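Here is the structure we will look at.
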């Protein structure tokens with residue numbers, strides 16, 4: 001009987017080398033979560049986002065023409081804008097102040113829509129534009145009402161907008177509530193032809209010199225002021241130097257018997 005030859009054994013596959021003992025390989029870090037989208041700001045951050053009221057166009061660096069251009073800005077042209085009225089809700093405590101003021105005015109028999117001509121929220125600040133004939137009643141209410149208590153007026157500043165027809169002169173008041181830690185602004189307008197605004201010195205005595213300064217520089221006549229005279233310029237000075245229609249070149253000056261013309265009249269520029 002013939003023996004069947006044995007098949008050769010297939011070679012064994014080499015074993016994979018053993019990894020040396022050591023710390024386990026850390027897992028790959030998880031991908032960071034996408035950042036949440038920022039919440040929309042309660043108050044617009046830039047003027048481009050704020051509705052505006054266009055009252056005219058300004059040419060030149062300071063809006064003056066005919067006095068020569070040495071600045072290079074003579075060809076500048078830009079719109080003159082004021083913030084447009086805000087819509088409810090104003091945000092934060094602004095609505096609370098507006099509600100309290102309107103309610104207090106109604107209790108006095110006044111129509112808030114007649115007293116408050118416009119409410120503006122601009123750059124996180126609240127401004128009430130008040131009809132001038134109701135200014136005194138409004139500031140008394142803001143000072144004395146327990147829910148408002150704006151005890152301090154920080155002064156009044158004048159502004160002149162020649163393009164704002166019928167309300168060219170603006171008087172701006174900053175009111176501070178020490179009780180409630182709040183700050184608001186009041187704004188009152190008057191036309192160039194009738195620049196009269198009631199004085200608030202009887203309510204806020206610290207406004208005495210501020211009203212004199214606004215009269216001196218802008219020609220706003222604060223009716224009821226105890227002594228409305230110039231405070232910076234000489235008593236016989238002609239005009240009001242911070243108005244937009246005041247000549248930039250100043251006035252002729254007498255020097256050693258000679259008459260020196262104002263700077264804007266000494267030479268011309270092409």
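The values are calculated or read from the model by the stated rules, or taken from the named source; none is laboratory data. Predicted model, so just to flag it, every value in this text is computed and none were measured. As a convention, Cβ positions derive from the backbone with ideal geometry for all residues, glycine included, and neighbour counts pool all protein chains shown.
Just a few scattered comments:
- Residue within region 110-126 that is in a strand (DSSP E or B), under 20 Å from residue 51 (Cα atoms) and at pLDDT below 95 present: yes
- Residues of region 199-211 classified as assigned to a helix (DSSP H, G or I) and crowded, with 20+ Cβ neighbours inside 10 Å, total: 3
- Failed item in (1) surrounded by fewer than 21 Cβ atoms within 10 Å (Cβ to Cβ); (2) out of contact with any strand residue (DSSP E or B) (no Cβ under 6 Å at 6 or more places or on another chain), with residue 139 passing the rest: (1)
- Checklist (1) without any contact (Cβ under 8 Å) to a residue 24 or more places away in the chain; (2) closer than 26 Å to residue 165 by Cβ; (3) part of a loop (DSSP other than H, G, I, E, B) applied to residue 86, failing item: (1)
- Leading residue by the ranking (surrounded by the fewest Cβ atoms within 10 Å (Cβ to Cβ)) among those in region 144-168 that are on the phi > 0 side of the Ramachandran plot and assigned to a loop (DSSP other than H, G, I, E, B): 166
- Qualifying residue in region 181-193 (condition: under 23 Å from the mean Cα position of the chain (by Cα), assigned to a loop (DSSP other than H, G, I, E, B) and within 25 Å of residue 243 (Cα to Cα)): yes
- Top-ranked residue of region 180-198 - restricted to ones that are farther than 19 Å from residue 127 by Cα and free of Cβ contacts under 8 Å to residues at least 40 places away in the same chain, ranked as surrounded by the most Cβ atoms within 10 Å (Cβ to Cβ): 195
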